[in-house]
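Here the structure comes first, spelled out in structure tokens, and everything after it is commentary.
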Amino acid sequence: MSELTSHTEGLSEQGKSRRNLLKLSAVGGVAMVTGGLSPKVKAREDGFGVIRHDQFPQDVAPTYKRFSEMETSFYRFARAGKQFAFRPQPDENKPGMTSIDMALKAGGRTFAMVMKDKAPAYEGYALPQVFKPNPFNPEFKFKDAATAHAVIKRAARHYGADLVGISRHDPRWDYTHVRTGDQAHKLEEVMGFKPKTVIVLGFETSYEGLRAAPTALGDAAQVEGYSKMGKTAYQLAAFMHFLGFHSVGVGNSYGLSIPQAIAAGLGESSRMGLLVNHKYGPRLRLAKVYTDMELEEYYDKPVTFGVQSFCENCMHCADNCPSEAIPHDPKPSMEPPKDGQDWGFSNPGVRKWYVNCDKCLQYWADSKTSCSTCVTTCPYNKPDFWHHRLIDKANTIVPGFMHKMMSEMDLLHGYGKAFDEAAPAVFWNEKGRDYDGFGG
């Protein structure tokens, strides 16, 4: 079944033809816009519409402070006596919540649990293993920083990462304390070395799976990412150990993954609070490897490619969030709203959209899923087709008022549908699905 057919199921032949014509017209319009650029707008040699920055691309207040992992929403939720119930009874008549869907989720989560005392993706069970330099290889030296950069990225991809970015360690994004069980430990004491570099790993999550969110099938896409996080982070940390460096691989612990991914050039922040990558959109899981290897000045740079401007005009995630946790504010701000609610988890001092994570997690508990509706509805969440990449690139340079129109065209072409009961059938299609740009 082709990609176009999968999104036009149930339409008449006349309707399908009209929709396909609209899609081609939209692509043609984008091509016209990008072909007639103003002399003031240049397609940069380092990527069409992409800007690389020497500094972190969001404003950070001088008063910004590190905070403890114990203060993040997950642990506040637990301290309040609330519980997640991610094992609801299967419902064979409810798409995405059948025994098969739940078995897929359970299988995906298994390896993350196996890795919980090595490179935990589900933090809180145990502290990750910190590797000391290999004593049997003390003389090894990389030829130069450029070689080290290339070798590390190749090794990370070999172990399973879809994206790799390498940034200089920035202590602003470290937690002050990390957690195991109910205990908080000072990060510096747990780590045992002073990191100089952070290797950020990105893992694509299933497009077809997340179309079925919020269900157990949607969760299966996310937890499979956690298993990949633990495996690859641990392997890459071991790789660095054998080359003579201190290293430790983690998922969400030790520090904030999103700002470190931004610093490493993997994407931009968004209205929904998630990283948006130019290829995978918000459909990513992130892990990190801290090491005391020094890359001199050979680090990846942060990039911007129009996500903030697009988010200012597109409200899909906020409009569709079942918990109303995502703000409709037109612009990002330096602190959360003064609305009388407890925003202690928000760690103010960075210009961004502040998402009410307490509301988000309460919906997780109520729905017995990890939701992901915001990812499903985001216009950057697309299969890897040439016309999608063309439109994504055009988003970097077209005027802001065009973004609203382009987000509406996304809905018109059948994308971004939340609570889609037809999506699980597409995922389990016996002919298989393969969104590789050529159809399945």
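The values are calculated or read from the model by the stated rules, or taken from the named source; none is laboratory data. Keep in mind the model is a prediction, meaning the values are calculated, not measured. We place every Cβ from the backbone using ideal geometry, glycine too, and count neighbours over all the protein chains shown. Just the protein is used for accessible areas: all its heavy atoms, side chains included, with ligands, DNA and RNA removed. Shrake-Rupley method; radii C 1.70, N 1.55, O 1.52, S 1.80 Å.
Among the residues of the range 171-187, some residue qualifies, meaning at least one is in contact (Cβ under 8 Å) with a residue 60 or more places away in the chain, hydrophobic (A, V, I, L, M, F, W, C), open to solvent by less than 40 Å² (accessible area, probe 1.4 Å) and not in a helix (DSSP H, G or I). A residue that is over 26 Å from the mean Cα position of the chain (by Cα), farther than 30 Å from residue 350 by Cβ and not in a helix (DSSP H, G or I) cannot be found anywhere in the range 103-125.
Among the residues in the range 245-253, are any open to solvent by 20 Å² or more (accessible area, probe 1.4 Å), touching a residue at least 40 places away in the same chain (Cβ under 8 Å) and in a helix (DSSP H, G or I)? Checked against the condition, which is being open to solvent by 20 Å² or more (accessible area, probe 1.4 Å), touching a residue at least 40 places away in the same chain (Cβ under 8 Å) and in a helix (DSSP H, G or I), the range 245-253 yields no hits at all. Scanning the range 98-145 for residues that are among the acidic types (Asp, Glu) and surrounded by 14 or more Cβ atoms within 10 Å (Cβ to Cβ) gives 101, 123. Beta carbons closer than 6 Å, at least 6 apart along the sequence or on distinct chains, pair a first residue in the range 387-399 that is free of Cβ contacts under 8 Å to residues at least 24 places away in the same chain with a second that is surrounded by 22 or more Cβ atoms within 10 Å (Cβ to Cβ) for 388/382.
Inside the range 192-206, residues that are open to solvent by less than 10 Å² (accessible area, probe 1.4 Å) and either part of a helix (DSSP H, G or I) or not β-branched (Val, Ile, Thr) (or both) make up a count of 3. Inside the range 284-403, counting only helices (runs of 4 or more DSSP H) that do not spill past its ends, which hold 3 or more residues that are crowded, with 17+ Cβ neighbours inside 10 Å, in contact with a Cys (Cβ under 8 Å, 6 or more places away or on another chain) and of a type in the set (Gly, Ala, Ser)? Once the helices (runs of 4 or more DSSP H) in the range 284-403 are filtered for at least 3 residues that are crowded, with 17+ Cβ neighbours inside 10 Å, in contact with a Cys (Cβ under 8 Å, 6 or more places away or on another chain) and of a type in the set (Gly, Ala, Ser), nothing remains.
Conditions tested, residue by residue: (1) touching a strand residue (DSSP E or B) at 6+ places or on another chain (Cβ under 6 Å); (2) surrounded by fewer than 13 Cβ atoms within 10 Å (Cβ to Cβ); (3) among the aromatic types (Phe, Trp, Tyr); (4) at pLDDT below 50.
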position: 1; (1), (2), (3), (4): no, no, no, yes
position: 14; (1), (2), (3), (4): no, yes, no, yes
position: 20; (1), (2), (3), (4): no, no, no, yes
position: 33; (1), (2), (3), (4): no, no, no, yes
position: 43; (1), (2), (3), (4): no, no, no, yes
position: 48; (1), (2), (3), (4): no, no, yes, no
position: 69; (1), (2), (3), (4): yes, no, no, no
position: 76; (1), (2), (3), (4): no, no, no, no
position: 93; (1), (2), (3), (4): no, yes, no, no
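When residue 219 is tested against (1) among the acidic types (Asp, Glu); (2) in contact with a helix residue (DSSP H, G or I) (Cβ under 7 Å, 6 or more places away or on another chain); (3) surrounded by fewer than 24 Cβ atoms within 10 Å (Cβ to Cβ), exactly one condition is not met: (3). Taking each residue of the range 400-414 that is more than 15 Å from residue 309 (Cα to Cα) and modelled with pLDDT of 80 or more and looking for partners that are open to solvent by less than 30 Å² (accessible area, probe 1.4 Å) and among the charged types (D, E, K, R) with beta-carbon atoms closer than 9 Å, six or more apart or interchain, yields 409/23; 410/382; 412/23; 413/23. Report yes if residue 372 is among the hydroxyl-bearing types (Ser, Thr, Tyr), without any contact (Cβ under 8 Å) to a residue 40 or more places away in the chain and within 27 Å of residue 78 (Cα to Cα), otherwise no. No: the conditions fail for residue 372.
Scanning the range 58-102 for residues that are aromatic (Phe, Trp, Tyr) and outside any helix (DSSP H, G or I), we see that the one that is farthest from residue 174 (Cα to Cα) is 86. Is it true that some residue in the range 266-276 is among the basic types (Lys, Arg), part of a helix (DSSP H, G or I) and either farther than 21 Å from residue 293 by Cα or open to solvent by less than 10 Å² (accessible area, probe 1.4 Å) (or both)? Within the range 266-276, not a single residue is among the basic types (Lys, Arg), part of a helix (DSSP H, G or I) and either farther than 21 Å from residue 293 by Cα or open to solvent by less than 10 Å² (accessible area, probe 1.4 Å) (or both). Scanning the range 146-167 for residues that are of a type outside the set (Ser, Thr, Tyr), surrounded by fewer than 16 Cβ atoms within 10 Å (Cβ to Cβ) and closer than 11 Å to residue 298 by Cβ returns 146, 150.
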